[in-house]
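Inspection log for the structure reproduced underneath, given as structure tokens.
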Amino acid sequence: MTTSAARDRATPTRRDQILREAARLFAERGFHGVGVDEIGAAVGISGPGLYRHFAGKDAMLAELLVGISERLHEGGVARMEESVSAGLAPEATLDALIAGHIDFALDDRSLITLHDRELDRLRDDDRKQVRKLQRQYVELWVGAVRAVYPGLTELEARVSVHTVFGLLNSTPHLSGPSSLPDRGTTAALLHRLARGALAAARADGGSGQPH
């Protein structure tokens with residue numbers, strides 16, 4: 001089960017609702033363009049009532065950005081462990097990582113926008129935690145990519161992973177749901193593009209088999 005699917009099946013708590021609306025509003029209008037009262041109104045409570053859940057907007061932003069970094073890393077670890085336990089081929093492990101990131105890119109587009117715009121607003125400790133989790137997540141991918149394409153150097157694999165992240169994380173720049181195919185078709189297209197980009201990193205241009 002993907003991280004996003006698991007969250008959708010669970011009944012969201014009031015705290016979850018606040019974070020979801022805060023992410024949407026921050027992404028649409030910028031951190032400083034949104035007041036506590038507006039976030040409260042979006043979830044049907046008074047602005048001051050938010051302080052029963054969060055110390056303020058800064059705390060919401062920190063939980064959103066640290067939280068998604070934690071979920072991506074933990075989800076990646078879980079997918080790799082499941083693949084190893086099941087004795088799956090390296091290609092299946094890489095496909096599982098790609099699929100998990102695609103879920104994030106399609107379901108949490110506002111968080112991608114927030115990360116790009118607002119990461120520097122976090123306290124130093126929170127920002128360092130985000131960066132640490134991101135580095136760990138990248139290393140999971142580097143290992144999975146080199147298992148499929150052993151001819152790649154570590155540097156080539158790392159550059160390729162960051163390139164694929166840029167490709168997948170471009171979803172907030174798409175004009176809107178009405179301009180996209182259905183979710184399944186979009187996910188399949190992104191998956192093909194990601195695998196194609198990784199295969200193209202090989203010296204032979206990605207022709208033939210991965211090994």
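The values are calculated or read from the model by the stated rules, or taken from the named source; none is laboratory data. Everything numeric here is computed off the predicted structure, so don't read it as measured data. Virtual Cβ from ideal backbone geometry, glycine too; neighbours counted across all protein chains shown. Ligands, DNA and RNA are stripped out before the accessible areas are found, and what is left, the full protein with its side chains, is counted by its heavy atoms. Shrake-Rupley method; radii C 1.70, N 1.55, O 1.52, S 1.80 Å.
Quick notes on this one:
- Inside the stretch 123-167, residues that are open to solvent by less than 80 Å² (accessible area, probe 1.4 Å), under 18 Å from LEU64 (Cβ atoms) and of a type in the set (D, E, K, R) make up a count of 2.
- Residue check for SER110: in a helix (DSSP H, G or I), under 19 Å from the mean Cα position of the chain (by Cα), small (Gly, Ala, Ser) and within 27 Å of ARG131 (Cα to Cα): yes
- Residues in the stretch 42-58 that are over 17 Å from HIS115 (Cβ atoms) and part of a helix (DSSP H, G or I): 7 in all.
- Condition met for ALA55 (without any contact (Cβ under 8 Å) to a residue 12 or more places away in the chain and open to solvent by 30 Å² or more (accessible area, probe 1.4 Å)): yes
- Of the residues making up the stretch 13-41, those that are open to solvent by 10 Å² or more (accessible area, probe 1.4 Å) and either touching a Ser or Thr at 6+ places or on another chain (Cβ under 7 Å) or not in a helix (DSSP H, G or I) (or both) are THR13, ARG24, ALA27, GLY30, GLY35.
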